[in-house]
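Scroll down for the structure; my scribbles are underneath it.
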Amino acid sequence: MGQIADLIGLFGIRKLATMARAEKAARSFYRGYCASTCFTVLLNVGLIDKMLQTRWVHVGKYAAQNGFSEEVLEAILHYLDGISVVRMDEGFCRLTSLGRKLCGLPRGGFSLLWGYEPVFHRLEDLLRGVAVYGRDVKRRGDYIAKGSGELSRHLPFPVMRLMLASHGIKSVLDLGSGDLEFLFMLCQGDPAMRCHGIDISPEAVAYARSRLETSPWKDRVTTEVADMFDIAAVARRLPAIDAVTAIDAFHEHLKKGHETVINLLREIRLAYPKAFMVVGEFCKQSQESLRRRPTGFLEHHLFHNLTDQKILFADEWERIFAESGYSLVEKKVFNLVGHGYFVLSSPSS
């Protein structure tokens, strides 16, 4: 009480209360940055998973075994201890219940944020025009793939899997297949399913292949570096496909208008005239709805707006599909999470 009395004497009770409220409001901003960075780094180096597996971990031994700076590791852990994500006790660390919750559904968000971290690192340069995204600044493709896979297994993948099953689809070509998590889920749910994934990112495909090597579905899933804009070449190698799938693969190509995606869909329809086209895509929400309910989709808007990606409203996607010559067979739009799902067919199918 003596310290508080001294502060009141220096500033007055009203000014002191105003200062305390301002500091508390600001703390959520800088603490969010520090906390997410520290937690993500420990995810990346494997310590979080180690704590999930063995509960208590000896900090000094873990640092020595992995060639880490014990001083830096302890600094990170003491910070996370202060915000109740981990607990430190006599040289050991463990996850708290909060820390374990962060390893569940939210985990993919940390991977995704790390994928976009280079963009935020040079955000002022991008603002000032001394750096250009795509030329001077790039996302981390492997973490984008990892984060997308981790997040999508909770909603997009199950919805897409049900849609594919309802139409009797047994062979899939997935565009922008990332870490292959979607194709793994399809194979897990149907022993007759066979899948092939293509991705333009060598980093994403390398990561996917590392997962495929230890996967029980490695005999039914393949992947390669390929450009979906050269779908004719892919079709020559993989002619027998029941459905082409694309989850969040098209919005990245809308920066210069809709024609790029319309023409791509036309090429896919020509390459696979008898196959369904099954699309999962971000569906834009109005600024008013985001203001009323600032969900994680607010961050998705920011990520995409900073990296030459564009998100459309659901009815705009439907117009693009129609202009490409596809007919809409089925759709599900979840405005709460800003995502839509569309089953399309070609008139020749």
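Quick note: the coordinates plus some simple rules give every number you see, no bench work behind them. This structure is a prediction, so every number in the text was calculated from the model and none was measured. Glycine gets a Cβ as well: all are built from the backbone with ideal geometry, and neighbour counts include every protein chain shown.
For 182, 29, which order do you get if you count the other beta carbons within 10 Å of each Cβ and list the fewest first?
Ordered by Cβ neighbours within 10 Å, fewest first: 29, 182.
List the lysines whose alpha-carbon lies under 20 Å from that of residue 310, not counting same-chain residues fewer than 8 positions away?
Once the sequence-local lysines are set aside, what remains near residue 310 is 138, 255, 256, 284.
Just need the relative contact order of region 2-102 here, percent rounded to a whole number, with Cα pairs under 8 Å and 6+ apart.
It rounds to 20 percent for region 2-102.
Among 128, 140, 55, whose mean-square fluctuation peaks in a Gaussian network model of the chain (Cα, cutoff 10 Å)?
With Cα springs under 10 Å in the chain, the top fluctuation among 128, 140, 55 is at 128.
If you compute Kirkwood radius over Cα pairs in Å for the structure shown, which of (1) 26.2; (2) 22.7; (3) 21.5 do you land on?
(2)
Mind checking which of 116, 73, 106 is farthest towards the positive end of the chain's charge dipole, using Cβ charges of +1 (Lys, Arg) and -1 (Asp, Glu) about the Cα centre?
Going by the charge dipole, the pick is 106.
Using the Karplus curve 6.51 cos²θ - 1.76 cosθ + 1.60 with θ = phi - 60°, work out ³J(HN,Hα) for each residue of region 89-95 in order, rounded to whole Hz, and write x for Gly and Pro.
Values per residue, Gly and Pro as x: 7, 6, x, 10, 9, 8, 7 Hz.
Quick one: dipole size for region 279-319, taken about the Cα centre, charges +1 on Lys/Arg Cβ and -1 on Asp/Glu Cβ, in debye to the nearest 20.
Rounded to the nearest 20 debye, it is 200 debye.
Between residue 65 and residue 135, what is the label-point separation in nm under the 7 Å Cα-to-beta-carbon projection?
Spacing of the two 7 Å Cα→Cβ label points: 4.8 nm.
Find the all-direction average of the projected area of the Cα convex hull for region 2-102, expressing the result in square nanometres with one decimal place.
Numbers: hull surface 33.1 nm².
Answer in nm², one decimal: 8.3.
What is the set of long-range amide H partners of residue 344 at a cut-off below 5 Å, with H atoms built 1.01 Å from backbone N?
Distant-sequence amide H within range of residue 344: 277, 278, 279, 329.
Which residue fluctuates most in the GNM of the chain (Cα springs below 10 Å): 209, 292, 266?
292
Amide H neighbours of residue 92 under 5 Å, counting only residues 5+ apart in sequence or on other chains, H built in-plane at 1.01 Å?
Under 5 Å from the amide H of residue 92: 59.
Over region 150-345, what relative contact order in percent results from Cα pairs under 8 Å that are six or more residues apart?
Across region 150-345, relative contact order equals 20 percent.
Say we join alpha carbon atoms closer than 10 Å with springs in a Gaussian network model of the chain; which of 23, 318, 252 then has the biggest fluctuation?
Result: 23 has the largest fluctuation of those listed.
Treating only the Cβ atoms of Lys and Arg (+1) and Asp and Glu (-1) as charged, compute the dipole magnitude of region 150-345 about its Cα centre; round to the nearest 20 debye.
380 debye
Which of the helices in the chain, when you take each full DSSP H run, stretch at least 27 Å along the axis at their Cα atoms and have an average Kyte-Doolittle score of -0.5 or higher? Intermediate values should be presented prior to the final figure.
Working: long enough: 13-44 (45 Å, 0.12).
Result, helices passing both filters: 13-44.
Once the Cβ-Cβ distance between residue 103 and residue 14 is put in as r, and R0 is 35 Å, what FRET efficiency do you end up with, to the nearest 0.05? Present the calculation step by step, with values, prior to reporting the outcome.
Details: r = 43 Å, r/R0 = 1.24.
Here the calculated transfer efficiency is 0.20.
Could you tell me which residue out of 44, 156, 229 lies farthest along the dipole of the chain toward its positive end? Charges go on the beta carbon: Lys and Arg +1, Asp and Glu -1, centred on the Cα centre.
Highest projection toward the positive end goes to 156.
Relative contact order for region 160-213: what is it in percent, counting Cα pairs under 8 Å that are at least 6 residues apart? Numbers along the way, then the final one.
Details: 54 pairs, mean separation 20.8, N = 54.
Reported relative contact order: 39 percent.
Relative to the present Cα-Cα distance, how much length would full extension add between residue 302 and residue 78 at 0.36 nm per residue of separation?
77.5 nm
Please state the charge dipole magnitude for the chain, taken about the Cα centre, from unit charges on C-beta atoms (+1 on K and R, -1 on D and E), reported in debye and rounded to the nearest 20.
Working: 44 positive and 40 negative charges, 150 e Å.
Here the size comes out at about 720 debye.
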